[in-house]
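The values are calculated or read from the model by the stated rules, or taken from the named source; none is laboratory data. From a predicted model like this one, the values you see are computed outputs, not experimental measurements. Ideal geometry is used to build each Cβ from the backbone, glycine not excepted, and the neighbour counts take in all protein chains shown. When the accessible area is computed, the model is the full protein with side chains, heavy atoms only, and any ligands, DNA or RNA have been set aside. Shrake-Rupley method; radii C 1.70, N 1.55, O 1.52, S 1.80 Å.
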There are 2 protein chains.
Amino acid sequence: MTRFDFNIHATDGAARTGVIRMQRGDIRTPAFMPVGTAATVKAMRPAEVRASGAEIILGNTYHLMLRPTAERIARLGGLHKFMGWERPILTDSGGFQVMSLGALSKLTEDGVTFASHLDGSKHLITPERSMEIQRLLGSDIVMAFDECTPYPATRVQAESSMLRSMRWAQRSRDGFDSGIDHASRSALFGIQQGSTFEDLRAVSAAKLIDIGFDGYAIGGLAVGEGQAAMFSVLDYAPGQLPADRPRYLMGVGKPDDIVGAVERGIDMFDCVLPTRSGRTGQAFTHAGPINLRNARFAEDEAPLDATCACPVCKTNSRAYIHHLIKSSEILGAMLMTEHNVWFYQQLMAGLRAAIAAGELTKFANDFRAQYGAR
Amino acid sequence: MTRFDFNIHATDGAARTGVIRMQRGDIRTPAFMPVGTAATVKAMRPAEVRASGAEIILGNTYHLMLRPTAERIARLGGLHKFMGWERPILTDSGGFQVMSLGALSKLTEDGVTFASHLDGSKHLITPERSMEIQRLLGSDIVMAFDECTPYPATRVQAESSMLRSMRWAQRSRDGFDSGIDHASRSALFGIQQGSTFEDLRAVSAAKLIDIGFDGYAIGGLAVGEGQAAMFSVLDYAPGQLPADRPRYLMGVGKPDDIVGAVERGIDMFDCVLPTRSGRTGQAFTHAGPINLRNARFAEDEAPLDATCACPVCKTNSRAYIHHLIKSSEILGAMLMTEHNVWFYQQLMAGLRAAIAAGELTKFANDFRAQYGAR
């Protein structure tokens, strides 16, 4: 069985389309991974996530280590069995959320000490412990433990943070490889840091390549720098990483962020936006996002998006969904989330087809013109 | 097309099984109607409700008249189209919830004045207005507007309240019949009152029969009197109503309430228990209800109920559902609700089969022995 294999079928400018092959299934790229934070893509059954076209989902190490704990999930047969999702799962390292959600987090060379946001209990997460947790979960794509450099950062801060993340990348590699059974069927991705400094990104990429990973993530973006600054980094960062390995832009993003990042050579994405927006009343459409709480939808008999092929748009009006959301009905969150996840997967399918046809520029320009993006 | 037709296929003691035929579909009896208060059976898509075996659902006039309003639903093509449920819908009259949820409600011979629980706005609901609202919604089975006599009530209170409900029953009949288009394809049910007084129940039944309805509900029960007192009324009340018309016990109930009521001749039920319990962590099983919040389920790999045929029990463990509920995940409410609605529909299917086979006593006794009911 193939452990991890990436084949690029076509390129168009810097963009590529291909397939990642893993034991639990193929992942067509560019791919968007719905976020299943606490062992569930919120408000969706696994079969509904799969029906949207999603071939891989993301699980959050930080949340799962605290509840129900990685050890409990391991005793119950691993995350796939626990939540009923049979295809690949990528888990993050916990680093980003320890620092954004954990109270009183303290960073040392060893790792990060933090208090649980659930009950205040103290925890230490190190590169070695992160690898152990992701192994216990049964993750298919394991992320190296790193520090997501805050934005803005001075050059000195960014360099110091990046260099520590690179030392942690080596410890992650070593920790991952020591879990022989898991390493023999899973993949490990390194994470490039360096903030918005091109030379620091180059140093980070070189160090990661020297260690050697199955795929390479671009970290430290989508943290408040804005789309223009992010795209500036993406004009050079993907080219610093191996062309024959998947490139994963973590935590991105809005539909127009994704289109621009694909044009710049990114293969994988994850973001809470489609699911979280679904619960707060924002629906994505080809003409841009709309807020279903708005009274102008109260008697609108059109579907959320007339061009959408999702099950929600086949049978539900904006008027009905407006009513559900105004009434705080669970079904409102269910339908909105399902539509948004489908919207993202349809966007990815469109991007893949456009790259394969050598028509990405036209696709991207048409998308932006309709979506109202820059 | 048949407007409303009830055929009894078999009887077993006082119990009956048969089919109600209506333009929007057949309803096998005894039937349980999931409650879709605000134009949604909470946390379930219409197709999921249908897949459970449900052939009719209930909508709440009080909630819908306030939001999104009956007039808006009418402009949008009626409740069936609005919520995407194509089979029959029974609507209550609004009377019960006006008095339990509406603030400052004031009862006169004309009707009830109340303040909305949503925004405090003043409303008047009369028998005529209730018929108009249910017509605007497009209800298939319209309930007469009545007063649900509070419990306990003195004989004088119960008689006075019942007699007013009977005057309102005539006004409901007249109001319903004046909506010619709707009356030609819908059914109207009267509601027997009289609290726990057998002679008052007899007077109420006689008055309703004199007016003439398609079906007859037993109201004023499941309001705190307890199962023993309820069964005492059900020992005589169904026999006071026409044998060839459906008998509907409003707002009931727990699984063992339903079994005992079917044994006493009831054909239709509705209750929020399966859906509401699903959202608060209580699952129904053949061995009685269990609370999934309980820590003893944290590593329980069994399904909610090993004898259940529902989609939830096919693929989800108690451990996973425990985790979802402890984490306040929407999927927890979705799965628990789906299971509970299936549990009720499977119970009704079992009761129908047992009556058809002339084995209801054995079925009911076996059920109670396993369920731990009296």
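Below, the figures for the structure above:
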{"item": "Peptides ranked, highest mean first, by Cβ atoms within 10 Å: ranges B:104-111, B:32-39, B:334-341", "result": "B:334-341, B:32-39, B:104-111"}
{"item": "Axis-proximal residue, chain A, for the rotation superposing A on B (Cβ, Å)", "result": "A:Ile330, 3"}
{"item": "Distance histogram in 5 Å bins (all Cα pairs of the stretch B:95-152, percent per bin)", "result": "4, 19, 26, 25, 19, 7, 1"}
{"item": "Per-copy distances of the B:Thr11 label point, shortest first, in nm (7 angstrom along Cα→Cβ)", "result": "8.3"}
{"item": "The stretch B:4-271: equivalent-ellipsoid semi-axes (sqrt of 5 x gyration tensor eigenvalues, Cα, Å)", "result": "25, 23, 17"}
{"item": "Three semi-axes of the equivalent ellipsoid, the protein assembly as shown, Cα gyration tensor, whole Å, largest first", "result": "57, 28, 21"}
{"item": "Amide hydrogen neighbours beyond the local backbone of B:Ala187, cut-off 5 Å, H modeled", "result": "B:Ile141, B:Val142"}
{"item": "Built amide H within the under 5 Å cut-off of B:Asp5, gap 5+", "result": "B:Arg21"}
{"item": "Unpartnered cysteines - no second Cys beta carbon under 4.7 Å - across the protein assembly as shown", "result": "A:Cys148, A:Cys271, A:Cys310, B:Cys148, B:Cys271, B:Cys310"}
{"item": "Furthest towards positive pole of dipole, A:Ala183, B:Phe114, B:Leu347, structure part the protein assembly as shown, Cβ charges", "result": "B:Phe114"}
{"item": "Leading residue at positive end of dipole, chain B (Cβ point charges), from B:Met131, B:Leu234, B:Cys148", "result": "B:Met131"}
{"item": "Pairwise burial A:B, computed as accessible area of each alone minus the pair, summed, 1.4 Å, Å²", "result": "3200"}
{"item": "Furthest towards positive pole of dipole, B:Val259, B:Thr285, B:Tyr248, structure part the stretch B:232-290, Cβ charges", "result": "B:Thr285"}
{"item": "Inverse of mean 1/r across different Cα pairs in the stretch A:213-290, Kirkwood, Å", "result": "13.3"}
{"item": "Computed magnitude of the charge dipole of the stretch A:142-198 (debye, nearest 20; Cβ of K, R +1, Cβ of D, E -1)", "result": "60"}
{"item": "Distance from the stretch B:144-179 to the stretch B:200-275 (C-alpha centre basis), Å", "result": "16"}
{"item": "Estimated 222 nm signal from helices in the protein assembly as shown, with DSSP H stretches of n ≥ 4 weighted -39500 (n - 2.57), rounded to 500", "result": "-13000 deg cm²/dmol"}
{"item": "Portion, in percent, of the accessible area of chain B that falls on carbon or sulfur, probe 1.4 Å", "result": "51"}
{"item": "In Hz, Karplus ³J(HN,Hα) per residue of the stretch B:269-275 (6.51, -1.76, 1.60; θ = phi - 60°; x = Gly, Pro)", "result": "9, 8, 6, 7, 4, x, 6"}
{"item": "Cα Rg over Rh - the stretch A:234-328, Kirkwood", "result": "1.12"}
{"item": "Neighbouring partner chain Cβ atoms per residue of B:319-326, average, 10 Å criterion", "result": "5"}
{"item": "With Cα atoms, 0 to 90° folded angle of helix A:155-178 axis to chain A main axis", "result": "80"}
{"item": "Label 7 Å beyond Cα on the Cβ vector: A:Asp177 copy-to-copy distances, nm", "result": "9.0"}
{"item": "At 7 Å out from Cα toward Cβ: A:Pro150 inter-copy label distances (nm, ascending)", "result": "5.9"}
{"item": "Nearest-0.05 FRET efficiency for B:Arg276 and A:Ala115, computed from C-beta distance (R0 25 Å)", "result": "0.10"}
{"item": "The stretch B:272-374 - Kirkwood radius from inverse mean 1/r over Cα pairs (Å)", "result": "14.0"}
{"item": "Within 10 Å of each Cβ in B:305-316, the average number of Cβ atoms from other chains", "result": "1"}
{"item": "Amide hydrogen neighbours beyond the local backbone of B:Ala10, cut-off 5 Å, H modeled", "result": "B:Thr17"}
{"item": "Dipole magnitude of the stretch A:272-374, debye to nearest 20 (Cβ charges: Lys/Arg +1, Asp/Glu -1, about Cα centre)", "result": "300"}
{"item": "Whole-Hz couplings from phi, Karplus 6.51/-1.76/1.60, listed for the stretch A:203-209; x for Gly and Pro", "result": "4, 4, 4, 4, 5, 5, 5"}
{"item": "Assigned charges on the beta-carbon of Lys, Arg, Asp, Glu; the stretch A:4-271 dipole about Cα centre (debye)", "result": "680"}
{"item": "Estimated vicinal HN-Hα couplings, Hz - the stretch A:362-367 in sequence order (Karplus 6.51, -1.76, 1.60; Gly, Pro = x)", "result": "5, 4, 5, 5, 4, 4"}
{"item": "Debye-sum result for the stretch A:174-257 in log10 I(q)/I(0), which assumes one identical scatterer on each alpha carbon, at q = 0.15, 0.22 Å⁻¹", "result": "-0.57, -1.02"}
